[in-house]
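Working notes for the structure below.
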Amino acid sequence: MAAHLTETYACVPATERGRGILISGDPKSNSILYTNGRSVIIRYLDRPLDVAVYVEHAYPATVARYSPNGEWIASADVSGMVRIWGTHNGFVLKNEFRVLSGRIDDLQWSPDGMRIVASGEGKGKSFVRAFMWDSGTNVGEFDGHSRRVLSCAFKPTRPFRIATCGEDFLVNFYEGPPFKFKLSHRDHSNFVNCIRFSPDGSKLISVSSDKRGILYDAKTGDMIGELSSEDGHKGSVYAVSWSPDSKQVLTVSADKSAKVWEISEDGKGKVKKTLTAPGSGGVDDMHVGCLWQNDHLVTVSLGGTISIFSASDLNKTPLSFSGHMKNVNSLAVVKKEKMILSSSYDGLIVKWIQGIGYCGKLERKVNAQIKCFAAVGEQIVTSSFDNMIWRVPLHEDQCGDGDCIDVGSQPKDLSIALLSPELVLVSIDAGIVLIRGTKVVSTINLGFPVTACTISPDGTEAIVGGQDGKLHVYSVNGDSLTEDAVLEKHRGTITVIRYSPDVSMFASADANREAVVWDRASREVKLKNMLYHTARINCLAWSPDSSMVATGSLDTCVIIYEINKPASSRITIKGAHLGGVYGLAFTDECSVVSSGEDACVRIWRITPQ
């Protein structure tokens, strides 16, 4: 058997309150680039399911840009490193340079593709550097800034110029190469967040947290005009992007709107249209990033939602898609429409449909963080970090009013009896809690530290795993438990236990990287030597026909075993998720869904060899 990737549901750009993010793209292939964690994401505006991810950075990546010919990408991270890699055949690394001593906030290629300028946090040394793309040698001296430089720009036509702006409210202008300081403007009264030359090389615009945008002559650096304050932004302006014909700009702001401006020849700007993306109007709808590419106007909100407007028809409803920004720690497949629900610990639940991708978020009335998550039929059960268990009914695609149950201690694991879903077993530090409907019917102290639990679909048997690696099998009579057996095989803390769909077996996994499949009737080991991970196993899943079991681990791998073959004939998916795999589920006999630390969800197809 073999497994190959069929779909990736990408994460959204990592955003930060009070800061803009700089996304970029390649007009030829109509793709956009953004970063989240250590990943650089490439996605195509006309094909939302087509996603490529670059994962070679050792530190969180901050910004990435295509070279002018579209063959190379330069990406930078918080350690001040710039990596230059090819866009084709396996992202081959061309060069890697340590450019600044702190975080890099922006970088730009020269129009001939020979030089790169990067700006950011200097930790006492220089805040801006320009270098040759192949050798890394400096091409100029950049003095004149005293604080973090948030953005830099390269004039797209000769004579070359570089403009920079930052937290010291300055806009600086450099001539070259070799580049040297020419003049500085202090017209803004707050952080200057983004600076961009027009594609025809005639003008330069800077936008700032003082709600203004100022235009300069690109050759001399003199101020020529500004964006009109009439119908202007009412919040910090975080990013700006020019139209390909250099006659209009797109700006985004913390006032939850994006605006398209007409720029006259003499450098005055007036609002042509104000764009508002649909949303609840909360903080998450603040716009923090934008890009004008071909006929697409792309905006990114603080909550990570990417909206694509049409430049030729600004009144058209935008296409919006979103996803997770943080570690996706659990998955559930709702059988009805093969809908996949994924939850991340920040409390976001996203719906995906195989073959379509993003299908909306589930809005809950109380948006608590999520630690454990389970779904069955028409309801979801979640536990957060505050001793509460929530039962929330699902109506079509929205959540109803949930009930919350206090279990008196922090929940470690939860399991629903699939055939009688009103029965839920919750494990807490010292024991377990049985819940029927919305009432706690019993809290049982088991006398050992509990780490994982599961309850059989008919609700008659429970298996509890301890920190000592032992599995305790209990029969459930009414509201009490009777211990039937203790199974010893694991050498580490039990992390997960699951019954097979046909209930003839169960599988358990531990923190010492081992998984075991047991026969339920005889309680003997059915499949042993499942020792192929190199770190803690976080999750496991059964195929619907109970013929395969998949395990996901902190070592970034997913391993799929067949029950009737020895463990050595497994399939290993290496590097499934950067930072570790945290969620696994089967959607059918030959499709596995996985999720992980990189905030992505991936679907793998298993093919018999």
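The values are calculated or read from the model by the stated rules, or taken from the named source; none is laboratory data. None of these values were measured; they are calculated from a predicted model. Cβ placement follows ideal geometry from the backbone for every residue including glycine, while neighbour counts extend to all protein chains displayed. What goes into the accessible areas is simple: the full protein's heavy atoms, side chains included, and nothing from ligands, DNA or RNA. Shrake-Rupley method; radii C 1.70, N 1.55, O 1.52, S 1.80 Å.
When the chain is fully extended, how far beyond the present Cα-Cα distance does ASN89 get from GLU378, taking 0.36 nm per residue of separation? Spell out each step's value before the answer.
Working: separation 289, 0.36 × 289 = 104.04 nm, distance 4.47 nm.
Here the segment from ASN89 to GLU378 would lengthen by 99.6 nm.
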With a 1.4 angstrom probe the carbon and sulfur portion of accessible area for the range 1-107, in percent, totals 49
For the range 447-461, in residue order, the Karplus 3J(HN,Hα) values (coefficients 6.51, -1.76, 1.60; θ = phi - 60°; whole Hz; Gly and Pro = x) are x, 9, x, 8, 10, 8, 8, 8, 10, 5, x, 8, x, 9, 9
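Between the DSSP loop rule and a limit of at most 10 other Cβ atoms within 10 Å, which GluC sites (Glu not before Pro) in the range 1-71 are left?
Values: sites: GLU7, GLU16, GLU56, GLU71; in loops: GLU16, GLU56, GLU71.
Sites meeting the loop and neighbour criteria: GLU16.
Using 0.36 nm times the number of residues separating ASP222 and GLU422, minus their current alpha carbon distance, what extension gain do you get?
Working: separation 200, 0.36 × 200 = 72.00 nm, distance 7.11 nm.
Length gained between ASP222 and GLU422: 64.9 nm.
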Scalar couplings 3J(HN,Hα) for the range 253-270 by Karplus 6.51 cos²θ - 1.76 cosθ + 1.60 (θ = phi - 60°), nearest whole Hz, x for Gly and Pro, are 8, 6, 7, 6, 10, 10, 10, 9, 10, 8, 9, 7, 4, 8, x, 9, x, 10
Counting only protein heavy atoms and leaving out ligands, DNA and RNA, the solvent-accessible surface of ARG212 at a 1.4 Å probe, in Å² to the nearest 10, equals 80
Rounded to the nearest 10 Å², the accessible area of ILE263 using a 1.4 Å probe with every protein chain kept is 20
Counting only protein heavy atoms and leaving out ligands, DNA and RNA, the solvent-accessible surface of VAL333 at a 1.4 Å probe, in Å² to the nearest 10, equals 30
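Which entries in the list LYS180/LYS219; LYS326/LYS361; LYS234/LYS259; LYS234/LYS351; LYS247/LYS268 go over 22 Å, if you measure between the two C-alpha atoms of each? Please report the intermediate quantities before stating the final value.
On the way: LYS180/LYS219 14 Å; LYS326/LYS361 15 Å; LYS234/LYS259 11 Å; LYS234/LYS351 34 Å; LYS247/LYS268 11 Å.
Flagged as over cut-off: LYS234/LYS351.
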For the pair SER146 and VAL503, the simple spin-label estimate (label points 7 Å beyond Cα toward Cβ) gives in nm 7.4
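Rg(Cα) of the range 1-123 divided by 2.2 N^0.38 Å? Numbers along the way, then the final one.
Numbers: Rg = 14.5 Å, N = 123, 2.2 N^0.38 = 13.7 Å.
Rg over 2.2 N^0.38 Å, computed on Cα atoms: 1.06.
Give me the dipole magnitude in Debye, nearest 20, for the chain about the Cα centre, with unit charges on the beta carbon: positive for Lys and Arg, negative for Asp and Glu. Before the final figure, lay out the partial values.
Values: 65 positive and 68 negative charges, 257 e Å.
Dipole magnitude for the chain comes out near 1240 debye.
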Relative contact order of the range 462-609 (C-alpha contacts under 8 Å, at least 6 apart) in percent is 13
Here Rg/Rh (Cα, Kirkwood) for the range 77-195 equals 0.97
Karplus ³J(HN,Hα) for the range 286-298 (6.51 cos²θ - 1.76 cosθ + 1.60, θ = phi - 60°; Hz, whole; x = Gly/Pro) runs 4, 8, 10, x, 8, 7, 9, 9, 6, 9, 9, 9, 9
With 0.36 nm assigned to each residue of separation and the Cα-Cα distance removed, ASN477 to LYS268 gains 67.4 nm
Using the Cα gyration tensor of the range 266-309, the equivalent ellipsoid's semi-axes, largest first and to the nearest Å, work out to 22, 13, 9
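What's the FRET efficiency of THR317 with THR460 using the Cβ-Cβ distance as r and R₀ = 56 Å, to the nearest 0.05? Write down the numbers at each step before the final one.
Values: r = 52 Å, r/R0 = 0.92.
Given R0 = 56 Å and the Cβ-Cβ separation, E is 0.60.
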Working note, the range 137-252: Cα radius of gyration (Å, one decimal) and Dmax (Å, whole number) are 13.4, 46
Kirkwood radius from Cα pairs of the range 318-381 plugged into Stokes-Einstein at 25 °C, 0.890 mPa s, gives D in µm²/s equal to 201
Counting every C-alpha pair in the range 342-427, the percent lying more than 16 Å apart is 52
Computed D for the range 467-609, Stokes-Einstein, Kirkwood radius over alpha-carbon pairs, 25 °C, 0.890 mPa s, to the nearest µm² per second, is 159
In whole angstrom, the spacing between the Cα centers of the range 511-550 and the range 169-237 equals 60
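Over the chain, calculate the relative contact order: mean separation of alpha carbon pairs under 8 Å at least 6 apart, over the residue count, as a percent.
On the way: 1794 pairs, mean separation 50.2, N = 609.
Reported relative contact order: 8 percent.
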Rg/Rh of the range 271-364 (Cα atoms, Kirkwood Rh), to two decimals, equals 1.02
The Kirkwood hydrodynamic radius of the chain, taken as the inverse of the mean 1/r over all distinct Cα pairs, in Å, comes to 26.2
Ordered by number, the chymotrypsin sites (Phe, Trp or Tyr not before Pro) in the range 357-447 that occupy a DSSP loop and have at most 15 other Cβ atoms within 10 Å are PHE385
Computed D for the range 364-501, Stokes-Einstein, Kirkwood radius over alpha-carbon pairs, 10 °C, 1.306 mPa s, to the nearest µm² per second, is 105
Taking Cα pairs closer than 8 Å and at least 6 residues apart, the relative contact order of the range 266-423 in percent is 11
Any trypsin sites (Lys or Arg not before Pro) in the range 486-515 that lie in a DSSP loop and have at most 14 other Cβ atoms within 10 Å would be LYS489, ARG491
Here the FRET efficiency for ASP346 versus TYR44, based on Cβ atoms and R0 = 35 Å and rounded to 0.05, is 0.80
